[in-house]
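The values are calculated or read from the model by the stated rules, or taken from the named source; none is laboratory data. All values reported here derive from a predicted model rather than from experimental measurement. Glycine gets a Cβ as well: all are built from the backbone with ideal geometry, and neighbour counts include every protein chain shown. When the accessible area is computed, the model is the full protein with side chains, heavy atoms only, and any ligands, DNA or RNA have been set aside. Shrake-Rupley method; radii C 1.70, N 1.55, O 1.52, S 1.80 Å.
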Amino acid sequence: MAAYAKNTNRVTLAMERTGQWVFSQDIPTDILIQVGEAKFPLHKFMLVAKSNYIRRLILESKEPDLAKLDLSSIPGGAEIFEKAAKFCYGVNFEITVHNVAALRCAAEYLDMTDQYCDGNLAGRTDDFLLQVALTSLSGAVVVLKSCEDLLPIAEQINIVQRCVEVASAKACNEANFPSRSPPNWWTEELSIVHIHFFEKIIASMKSRGAKALTIASAIITYTERALPGLVRDHSGNTIKSSISIDSASRNKQRELLESVVALLPIENQRASFPINFLCCLLRTAIFLENDDVCKKHLEKRISAMLEHVTIDDLLVLSYTFDGERLFDLESVRRIISGFVEKEKSVSVFNGGDFREVSSTAMLRVAKTIDAYLGEIAMVDELTISKFNGIANLVPKNSRKFDDDLYRAIDIYLKAHPTLDEIEREKVCSAMDPLKLSYEARVHASQNKRLPVQIVLHALYFDQLQIRSGTDEKKTPDALSMRSQVQADVSLAKENEALRSELLQMKAYITDIQHKNQVGSTSSRIGNAKKHKFFSSMSKTLGKLNPFKNGSKDTSNIDDVNDIDLTKPRRRRFSIS
């Protein structure tokens, strides 16, 4: 009932307004024009004088006295038809940039052209477009905006194209010769139109030779306005309400994003877009679940200019909009992998060896990625495989020191205290302990979170320095010493194992001596055999001892009584 009453009131108001300006009060109306829910009682002869379309409908009607017409399909609806009817009656009304396109389309629909009648509505609106609306960028954009509800007729009568050409020409002129402040005010003007029209404007600007930076400025402003919560907010702290968008809005935003990505310039002009904007686009594509084509296109662009990336840019890609969960890190992994492959190709092309020399860009990216790993290491759901998967993408020679990576690993171990020894060794496998700086090695030697193997490597590196009498600056390259260190550590472990076996055997023989009291002859025979056995074992241990030259030599000991068989104190090859 409420809807019916509302419709009745709308019809009544339309009829009342019509009665106010229809001057032929003494002549009763003879036709009722219905436009949607509104009805207009009018006179045939007044309408036929201006509208060739209404004249044809009356002449071609099978009814001898046509009393009603339905013009609900007229562009602009009842409001615009009322103005067209006023024009037929000679009643003044205002033509503005907001209604001129609708009036022009209605004039085309009603066939109110100058060919049918001089000074008709089509001619009046064309004059207004030419002399007023399309003389400025703002006017052209407003008219173009109003054409969104007037398709396809607005394109058929060339209003859209005329507005596009004017808007692109004015925008290019403003970009090159700003007439007011701020210089990029024109990008805000263009951002109000539908993406379909914006694509036409960008295409027209490109055809006019607009600079890549000019095109990029327009696209960035348009995207920030079209997807305000998804692109403009980088932190994800203020748009939690945007997460629960309905499916219809999500589909609309997804299509809009794909259209924006399609507008991005060709590869050799990619640097005109800041990498943080591209990261925001990719984060939005991940959130909106765009297809792989769209996401991989953005990943490729980001990868090509990864040397300009910051930690914040990578974090934008990594976290959900609520800032509490990690996205799937596959996009980050593909971006880094693509950059490394590009660097390899460039190195091979230039005749260098990628495994030995890294470019400045590669060194910068490696440092950024290590710092990025330190930021995401605190997330509980970050698995060891994902952590190492990103860390191992960076070539080993791209890190002069592994201090930043060590910091990230330490944070990860601290955030995941339940890891066992094997899991901690897996985390540390991405790091080379021999490439730590002196300060980092000192820290590592006191770090209880690290597995023993890493601590041994760090301490033994310093032991080699002291033994060779070299300082930090003159130390040989760590990579060349790795095999020696690993072999020495292995020998040290084997030496320790043999010592333990020796102590166990001594305890066993002592126990037998206490239980079996035998004669002196048997004791001498037993002692002779023990001399022979322990002498052999001592020689074996001496050969395996990696610190033979720097410690007590036991290879020539013949008497077991001269051997200090107390359990040796386990050392971590410390400096002291």
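So what J values fall out for the range 383-389 if you push phi through Karplus, 6.51 cos²θ - 1.76 cosθ + 1.60 with θ = phi - 60°, rounded to Hz, Gly and Pro as x?
Karplus values, whole Hz, x for Gly and Pro: 7, 4, 5, 6, 4, 5, x.
Between the alpha-carbon centers of the range 56-110 and the range 286-311, tell me the distance in whole angstrom.
51 Å
Beta carbons within 10 angstrom, averaged per residue: use that to sort the peptides 281-290, 323-332, highest first. List each step's numbers first, then the result.
Values: 281-290: 21.5, 323-332: 15.4.
Ranking the peptides 281-290, 323-332 by packing returns 281-290, 323-332.
Kirkwood Rh and Cα-based Rg: tell me the resulting Rg over Rh for the range 156-226, rounded to two decimals. Show your work: numbers first, answer last.
Working: Rg = 11.5 Å, Rh = 12.1 Å.
For the range 156-226, the value is 0.94.
On full extension of the chain, what length is gained from His514 through Ala203, given 0.36 nm per residue of separation minus the C-alpha to C-alpha distance? Walk me through the numbers before you get to the answer.
Details: separation 311, 0.36 × 311 = 111.96 nm, distance 10.15 nm.
Working it through step by step, the gained length comes to 101.8 nm.
Let me cross-check Arg449: its accessible surface, 1.4 Å probe, with only protein heavy atoms counted, in Å² to the nearest 10?
Surface accessible to solvent at Arg449 totals approximately 90 Å².
May I ask for the net charge around Met362, where only other residues with Cβ less than 9 Å from the Cβ of Met362 are counted and Lys, Arg are +1 while Asp, Glu are -1?
Result for the local shell: -1.
Taking H as built 1.01 Å from N, whose amide H comes closer than 5 Å to the amide H of Tyr319, not counting residues under 5 places away?
Phe327
Quote the FRET efficiency, to the nearest 0.05, computed for Met378 versus Gln446 with a Förster distance R0 of 25 Å and r equal to the Cβ-Cβ distance. Numbers along the way, then the final one.
Numbers: r = 22 Å, r/R0 = 0.87.
The formula returns an efficiency of 0.70 here.
Using a 1.4 angstrom probe and counting only protein chains, how large is the accessible area of Arg254 in Å², to 10?
50 Å²
By average Cβ neighbour count within 10 Å, what is the ranking of 181-194, 402-415 from highest down? Before the final figure, lay out each step's value.
Values: 181-194: 17.1, 402-415: 21.1.
Top of the packing list down: 402-415, 181-194.
Please list, in order along the range 207-216, the HN-Hα scalar couplings obtained from phi with the Karplus expression 6.51 cos²θ - 1.76 cosθ + 1.60 (θ = phi - 60°), rounded to whole Hz, x for Gly and Pro.
5, 8, x, 4, 5, 4, 5, 5, 5, 4
If I stretch the segment between Gln161 and Ser181 completely, what's the gain in nm (0.36 nm per residue apart, minus their alpha carbon distance), one decimal?
Full-extension gain reported as 4.4 nm.
May I have the convex hull volume per residue, in Å³, for the Cα set of the range 34-129? The partial results should precede the final answer.
Numbers: hull volume 8.8 nm³, N = 96.
Output value, Cα hull per residue: 91 Å³.
Which value, in Å² rounded to 10, gives the accessible area of Tyr508 with a 1.4 Å probe and all protein chains present?
About 140 Å², rounded to the nearest 10.
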